[in-house]
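The values are calculated or read from the model by the stated rules, or taken from the named source; none is laboratory data. The structure displayed is predicted, hence computed values, not measured ones. Methodologically, a virtual Cβ is constructed for each residue, glycine included, from the backbone with ideal geometry; neighbour enumeration extends over all protein chains shown. Areas reflect the complete protein model, heavy atoms only, side chains present, ligands, DNA and RNA absent. Shrake-Rupley method; radii C 1.70, N 1.55, O 1.52, S 1.80 Å.
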Amino acid sequence: MFHQALVAEAGPCIRRLAGSRAREMRFHRFLRHARVSVSEMALTVGLRTAERASGRDVLVIQDTSEVAIGGRAARAAGFGPVGRGGATGGVLVHPAIVVDARDNALLGLLDVKVWNRQGGKKQSKRGRALAEKESCRWLEGAETAARLLGKARSVTMVSDAESDIYELFAGRPLGTHLVVRATRDRNLVEGGKLLTTLAAQPAAAHIRRTIPAAPGRKERTARLALRFMCVEIKAPAGLPKDLPQSLVLDAVEVREETTPAQGKPIRWLLLTSHAVTSARRAEEILDYYRSRWTIEELFRTLKSAGFRIEETELGDPKAVITFAGLATIAAVTVMQLVKARDGTTAQRQDDCFEADDTPLLEALSDRLEGRTDRQKNPHPKSSLAFASWVIARLGGWTGYYGKPGPFVMRHGLDRFHSIKMGANVAKDL
């Protein structure tokens, strides 16, 4: 019930989500109940996602984002800091989403962790086991993927620079691969440093890729020089002695060859457990990493493109953590519609909708279609793309002027659930 309310209304106000005093009290009790946990909700959703991943080559993309809580109740309650000793109240959200490696379809949420740091002095990480560090979440994500995605054809974990941790590569589960953006200039067993050794390699190919928009830069097409090589990296000093003293990995570097009008030229160094033996395979690894942008879109959906989770008035830390987990699950549903809008994925409607929603979606499609080809629903009726077109039109998209994003989809879902409620009421009259 809470999930449906979040998807339909997509706002931070519990009173508005509930729609009645009785349901508001139920939602508040649920958020604060000691036996309600984000981990159990995540497991339920993760098992459903695992079913969709069966037989596919999948990417599991994970990342962490700070969610600053700024509502009046949160400030009055003195909600704890995100950072150690910092002044910003809030939580950290760490989702892991599953994407089809072939067509970039968002299959669903595999896991999500939400926590609030306690203030105090930051402790040294030297000599501590990974399980004692906050960064253990990266390895735990890989272990969750290995445990739940056993029926997938292949599983590759994709993550950004924060996960460039030696212990992650050393402890990755058997059969689960990694693609990590490296930030550390690691020592090589044969001597020298990783960055300088790879930079000295001749370019294996020159390719063009779209670089997505980000703060301070517009989307652009970039010409990139591609290099790759197999490397053996040394274990950093100070790690526990039971870890291997070296690891054999493959490194892929892409470097933008021209100076862009905005921002700095792209230079990505990727470390992977996949064997990279050709330029074509190196391009595939690069495209795996580029798929990571999906999780940035998820964070945008969660924070600003409809959900506005940071505006919640909740002040109880337990309630905020539960609410953040629920909102992440709902935001993935919205993002699935965004990713399916072009009809390039093979997803079906039951990835996001109930079976009895199909007649209503088809009736709405007939009503919303216009006279021109661009105002017709071009997708098969059983596909998620068909439903995505309907929801986008309900959200105000005309079929012209760009593609519908999370904000439009969220408004469309709001209208769809209102129409569905009216249809159900009409049946009972």
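The chain: percent of C-alpha pairs farther apart than 31 Å?
On the way: 41837 of 91806 pairs.
Here the tail beyond 31 Å accounts for 46 percent of pairs.
Pairs from the table (K376/K420; K218/K339; K303/K339; K234/K264; K113/K133; K381/K420) lying more than 24 angstrom apart at Cα are K234/K264. Rounded to the nearest 10 degrees, the angle from helix 38-53 to the longest Cα principal axis of the chain is 80 degrees. With kT/(6 pi eta Rh) evaluated at 20 °C and eta = 1.002 mPa s, and Rh the Kirkwood radius from Cα pairs, region 238-319 diffuses with a coefficient of 125 µm²/s according to Stokes-Einstein. Peptides 332-342, 139-149 ordered by packing proxy, namely the average of other Cβ atoms within 10 Å per residue, highest first: 332-342, 139-149.
Measuring nothing but alpha carbons in region 333-396 and taking Rh as the Kirkwood radius, the Rg to Rh ratio lands at 0.93. Short to long, the 10 Å bins of the Cα pair-distance histogram for region 128-266 hold 10, 32, 33, 22, 3 percent of all pairs. As a calculated quantity, the FRET efficiency between T210 and K151 at R0 = 30 Å, using C-beta atoms, amounts to about 0.40. Entry comment: accessible area of the chain is 48 Å² per residue, from protein heavy atoms only and a probe of 1.4 Å.
Rounded to the nearest 10 degrees, the inclination of helix 279-290 to the longest alpha-carbon principal axis of the chain is 50 degrees. Of the peptides 60-68, 93-101, 323-331, the order by per-residue mean of other Cβ atoms within 10 Å, starting with the highest, comes out as 323-331, 93-101, 60-68. Centre-to-centre, using Cα atoms only, region 306-380 and region 152-219 are separated by 32 Å.
Please list 381-392, 416-427 highest first by mean number of surrounding beta-carbon atoms within 10 Å per residue.
Working: 381-392: 23.2, 416-427: 12.8.
Most protected by this proxy first, the peptides run 381-392, 416-427.
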